[in-house]
1. Rounded to the nearest 500 deg cm²/dmol, what is the calculated helix-only ellipticity per residue at 222 nm for the chain, with -39500 (n - 2.57) per DSSP H run of length n ≥ 4?
2. Cβ under 10 Å from residue 91's Cβ, residue 91 left aside: what net charge do those residues give with Lys, Arg +1 and Asp, Glu -1?
3. Would you kindly state how much longer the chain becomes between residue 43 and residue 83 on full extension, computed as 0.36 nm times their sequence separation minus their alpha carbon distance, in nm to one decimal?
4. Go through segment 15-27 residue by residue and turn each phi into a ³J(HN,Hα) via Karplus (6.51, -1.76, 1.60, θ = phi - 60°); whole Hz please, and just put x for glycine and proline.
5. Seen from all sides and averaged, what is the projected area of the convex hull of the Cα atoms in segment 1-68, in nm²?
6. Work out which trypsin sites (Lys or Arg not before Pro) in the chain are exposed loop sites (DSSP not H, G, I, E or B, at most 14 other Cβ within 10 Å) and give the longest gap free of them.
7. If you take the Cα atoms of the chain, find Rg, then find the Kirkwood Rh from the mean of 1/r over all pairs, what is Rg/Rh?
Amino acid sequence: MVGTSSNPIATSEQFKAALLALRDKTLPSSHLAMLRAQCRAPNVTITTKQLAAAAEYENYNAANLQYGTLAMHIAEQLGFTPEERHPNGAPCWWTTLSFSRDGQLEDSTGYFQFIMRPELVAALREMRWA
């Protein structure tokens, strides 16, 4: 399954620097809302449906797209390119922010769950962004 590696890709300090660089350029409030929602979620685990609700997107497809966009921008700041690939060969940018576990679906809905990287959690909490 894609994104199963929880191995660190950056330190909390590197995540903080990346977040600050994006904030200084433009970090949409909806992207920050998704990060906060995930960081505050039980076990820092969230579905795209929950991300959509947090960012006030119409549906989970919009949240999925925007989560990937945010992840790509943070990856660029970190100089990180995910090894995991979609079947079409595109990088799985979301793995910049999260990982997953095989079979890790939400019990009640069956939705895929994103587990935030511990180093990103630490960065967001140290910055008091979440």
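1. Numbers: 5 runs with 62 residues, N = 130.
Per the formula, -15000 deg cm²/dmol.
2. Numbers: positive: 85; negative: 83, 84.
Net local charge, residue 91 excluded: -1.
3. Working: separation 40, 0.36 × 40 = 14.40 nm, distance 2.49 nm.
Extending this stretch completely gives an extra 11.9 nm.
4. Here the 3J(HN,Hα) series is 4, 4, 4, 5, 5, 5, 4, 5, 4, 5, 7, 5, 10 Hz.
5. Values: hull surface 21.0 nm².
Value for segment 1-68: 5.3 nm².
6. Values: sites that count: 101, 128.
Excluding the exposed sites themselves, the longest stretch runs over 1-100.
7. On the way: Rg = 13.5 Å, Rh = 14.6 Å.
Ratio value, two decimals: 0.93.
Every read-out reported here was derived from the displayed coordinates using simple, explicitly stated rules and does not represent laboratory data. In this text the structure is predicted, and so the values were computed from the model without any measurement. Neighbour counts are summed over all protein chains in view; Cβ atoms, including those assigned to glycine, are modelled from backbone coordinates with ideal geometry.
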